[in-house]
Structure formats: structure tokens, C-alpha cells
Amino acid sequence: MMLFLALALLAVLFYMLRIGKYTKGIEILHTSQWGLGGTWVVANEVVNKQKDTIATYFNRAIRHHGWKPIQWSAVGGKHVYALNHPDDIKCLLKDEFGCFIKGPEAYDILYSFLGDGIFNTNGELWKDQRITMSHMFNRRLLRERMSTVFGTHAQDLVNVFRKAAQSGMVFNVQVPFYCYTFDCINMIAFNREVNSLAGIQGDVEFQQSFDILQAHVTDRFVTPGWKILAKFQLTETERRVTKHVGIINKYVYEVVDSYYNEAGEISDDALQGDQTMTGLFLEAAKQEGTTYSRKFLRDLVFN
């Protein structure tokens with residue numbers, strides 16, 4: 001769930017919107033019009049002063065101004081709205097969701113990370129994924145499957161804390177909580193038993209790459225000419241993006257490929273009784289006579 005929340009926050013902070021048309025229901029109480037130099041103001045603050053990510057910078061600015069939404073006029077006449085108050089997030093994600101589309105700039109920036117998954121699409125493509133995913137959250141599955149998964153892994157988490165307490169070790173509690181969430185979502189979404197709480201290297205490597213990609217891809221929003229930098233791998237940041245996308249893809253494609261038989265077709269045996277998110281998408285495609293590409297399945301699974 002932490003992965004979903006992290007991506008949701010990223011989407012909330014960086015939807016590229018036009019003034020007025022897409023601000024329905026949200027009162028922009030504090031507006032910073034930085035104009036053409038805005039990119040460099042933010043970049044300088046983030047890189048040289050606070051060592052923040054862009055998301056952290058905006059969150060700090062919102063908090064400073066009493067949790068009022070911030071509007072940033074970026075290069076090219078586009079605008080970024082950063083908001084983090086529950087009422088504003090409810091308006092964006094629920095009440096007026098149809099008004100807050102993801103623009104082409106945001107889509108291009110996030111594509112190497114999210115592809116055509118639910119967090120980077122609009123319209124029918126988004127709607128189809130949303131409807132399929134909603135089946136994961138019915139009462140029976142929540143009671144019979146999810147509660148069992150969370151309960152079992154919670155005991156592993158308790159054991160980690162108990163061991164640390166007995167040894168008197170001081171550690172960052174965010175790390176085991178992150179691992180706990182990661183272990184649970186792997187079982188719920190993919191029926192994949194992982195144990196990052198125990199420090200299994202492959203699982204930890206995926207988590208580290210996920211965090212690094214979030215930070216670097218977010219930086220593209222304030223990096224003029226990022227497409228050229230990415231295409232020709234001209235910066236260390238873009239080379240790191242390529243490296244960690246490869247690590248992410250290797251992990252996710254292992255999940256995707258487990259559903260294929262030797263003939264390269266989706267295996268009926270793999271779908272038998274499968275109540276994971278991946279299984280639901282494949283079953284829905286089968287019933288509709290739709291064939292998903294391996295790349296599209298990667299996007300579904302990762303998102």
C-alpha cells in the first residue's frame with residue numbers, strides 16, 4: 001500500500017494543469033508566479049540549499065503557507081499545482097477527478113517509470129484498469145485474503161522490533177515498515193512470497209531502485225531538455241534512471257512471465273483460482289478476448 005500512496009502523492013503534486021480550467025473545486029489561496037526563472041529557483045533551492053526532492057520542497061512550502069495549495073508557473077507557460085490538504089486531495093482524486101487529467105508532459109516524464117499503468121493514464125485506459133482493480137477490494141477478499149496476509153507479515157515485523165529491542169539497537173523504523181508493506185503487497189498483488197524483512201537481497205534491491213527512480217524521474221519536471229539528456233544518456237541522473245529501470249523491469253517481468261506457458265501463451269493453470277491483481281487483469285482480458293502485450297502487463301503489474 002505504501003507503494004500506491006507514494007505514487008499517488010507523486011501524481012497529486014505534479015499533474016501539469018492549465019490555469020482555471022482544471023482548478024474546479026480547489027481554491028488556490030496562495031499563488032507563486034515565478035515565471036521563466038521558476039525552474040531555476042526551485043532547482044537551486046532543492047539542489048544547493050535543502051538537498052530535498054522536488055516533492056519534499058513543495059510539501060515544505062505548502063506547510064509554510066498553512067497547507068494552502070501552491071501554484072508554480074513553469075517554463076513554457078505550463079503550471080504545476082502542489083497540494084497536500086485532505087480536502088483538496090479529496091476534490092482532486094474523487095469529487096472532480098474528471099477535471100484533473102494527466103497532461104502529455106507528465107505522461108512523457110513518467111513513462112519510463114510507470115508506462116501505461118493506472119497512475120499514468122487517462123480516459124478509458126484508466127477506467128478499465130480502475131474497474132478491474134476495484135474487484136480486489138470486495139469484503140470477502142479483504143476478510144479472507146488480505147487480513148491473513150497482513151496478519152502473518154505483521155508477526156514478522158514484530159519479531160524484527162523484538163530482536164532490536166533485546167539487543168538495544170537503534171534503527172530507522174521506516175525501513176522495516178517499508179519492507180512489511182512491500183512483502184504484503186507482493187503476496188496480495190502477485191501471490192509472490194518475498195521476505196525483504198529478512199534482508200533478501202533481490203527484494204531490497206527492488207525497493208532501493210524504486211526510491212531512486214522516484215527521485216530522479218521527479219527531477220525531470222524542473223530539468224529543461226530532459227528528453228535529450230535521457231535519449232543520449234548525457235547525465236549521471238539519466239544513466240541512473242536507465243540502470244534502475246532495468247532492475248525494476250527484471251523483477252516485474254519475473255512476475256509477468258510466471259503466467260506464460262512454454263508456448264508463450266497465458267497458462268490456464270496459472271489463472272486457476274488466482275485472486276491476485278495480476279490474475280484479475282488476465283482473467284478480464286481472457287473473457288473479453290483481449291490480448292495484453294508483455295510490456296503492457298509489466299505496466300499493470302508495476303503500477
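The values are calculated or read from the model by the stated rules, or taken from the named source; none is laboratory data. Because the structure is a prediction, the values reported are computed rather than measured. All Cβ positions, glycine included, derive from the backbone under ideal geometry; neighbour counts span all protein chains shown. The accessibility values were calculated without ligands, DNA or RNA, using every heavy atom of the protein model including side chains. Shrake-Rupley method; radii C 1.70, N 1.55, O 1.52, S 1.80 Å.
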Accessible-area ranking of Glu193, Glu254, largest first, probe 1.4 Å: Glu193, Glu254
Exposure rank, largest accessible area first [Asp108, Asp116, Asp203; 1.4 Å]: Asp108, Asp116, Asp203
Solvent-accessible area of His244 with every protein chain in place, 1.4 Å probe, in Å² to the nearest 10: 20
Leu197 accessible area, assembled protein chains, probe 1.4 Å, Å²: 30
For the stretch 290-303, Karplus couplings with θ = phi - 60° (6.51, -1.76, 1.60), whole Hz, Gly/Pro x: 9, 10, 8, 6, 4, 5, 5, 5, 4, 5, 4, 5, 5, 5
Diffusion constant of the stretch 145-303 at 4 °C, which comes from Stokes-Einstein with the Kirkwood Cα-pair radius and 1.567 mPa s, µm²/s: 72
Accessible area (Å², 1.4 Å probe, nearest 10) - Glu238: 10
Neighbour net charge for Ile118 - beta-carbon separation under 10 angstrom, K R +1, D E -1: -1
Positive-end extreme of charge dipole, the stretch 165-303 - chosen from Gln174, Ile266, Leu282 (charges on Cβ): Gln174
Neighbourhood net charge (13 Å Cβ-Cβ; Lys/Arg +1, Asp/Glu -1) for Ile89: -2
